[in-house]
Structures are given as C-alpha cells and as structure tokens.
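The values are calculated or read from the model by the stated rules, or taken from the named source; none is laboratory data. Just so it is clear, the model here is predicted, and its values are computed rather than measured. All Cβ positions, even for glycine, are placed from backbone atoms using ideal geometry, and neighbour counts span all protein chains on display.
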C-alpha cells in the first residue's frame, strides 16, 4: 500500500508578519482595491434595498395598483415580484464580471507580493 506524503505546509517563518499585513493595509494599492470594491458594492446594495423596500411598501399600501392586471391573470405585483429575482441575478452576474476584471487582478498582485513572489 503506497502512502502519499501531503504537500508541504507553510511554516510560521514563511507567513507574513502582522507588521507586513498592516503595511499592506495602509498602502495605496490596497486602498485602491478597497475603493474599487466599495464604489461598486455599496451603491448597488443601497439601490437594491431601496427597490426591495419599494416593492414591500407597494404590496402593503397600494393594493389597487399592485392588483392591476397586466396580461390575463398576471398582475403588477407578480411582475414586480419576479423582477426582484431578475435583479438579484443581474446584480450577482454584474458583480462577478466586475470582480474578475477589476478586483481579482489587484488582489492577486497584493497576494503575490505578500507571499514573497514578487
């Protein structure tokens, strides 16, 4: 029976120190990464929460409007409810594209530098 040896793990000496983490956190490169994330995620989060709360408020206080028939038995409430799902998936897709294009390369550069690769 052959026994595989596990891959070598990092020792404490190879891991970045607390001071190195603080230095990277205070760097302009990390600040730009944080800004890129926040400038995308915060407005979309606020927008989606506002859109969701509008839907909830309309459902509670605008019965006549939400009950308006659009096509057959499909009313405004159903259309807006399904639009909630659609916007959730669109935001997730949009964020994954943003992360792949903007955030991941910057994070990878920081990670490589922290691990001593460059």
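Tabulated values for the structure
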| read-out | value |
| --- | --- |
| Qualifying helices (runs of 4 or more DSSP H) (wholly inside region 26-118; at least 3 residues being in contact with a helix residue (DSSP H, G or I) (Cβ under 9 Å, 6 or more places away or on another chain) and closer than 30 Å to residue 16 by Cα) | 28-61, 104-114 |
| Residues being surrounded by 11 or more Cβ atoms within 10 Å (Cβ to Cβ) and either in a helix (DSSP H, G or I) or modelled with pLDDT of 90 or more (or both) - total across region 1-21 | 2 |
| One residue from 24, 56, 79 being at pLDDT below 95 and more than 16 Å from the chain's Cα centre (by Cα) | 24 |
| Test for residue 48: is it surrounded by 10 or more Cβ atoms within 10 Å (Cβ to Cβ), under 19 Å from residue 82 (Cβ atoms), within 14 Å of the chain's Cα centre (by Cα) and at pLDDT 95 or above | yes |
| Residues being surrounded by fewer than 16 Cβ atoms within 10 Å (Cβ to Cβ), over 15 Å from residue 91 (Cβ atoms) and touching a residue at least 24 places away in the same chain (Cβ under 8 Å) - total across region 31-45 | 1 |
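Residues checked against (1) in contact with a strand residue (DSSP E or B) (Cβ under 7 Å, 6 or more places away or on another chain); (2) within 19 Å of residue 47 (Cα to Cα); (3) surrounded by 14 or more Cβ atoms within 10 Å (Cβ to Cβ); (4) in contact (Cβ under 8 Å) with a residue 24 or more places away in the chain:
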position	(1), (2), (3), (4)
67	yes, no, no, no
76	yes, no, yes, no
89	no, yes, no, no
95	no, yes, yes, yes
98	no, yes, yes, yes
102	no, no, yes, yes
112	no, no, no, no
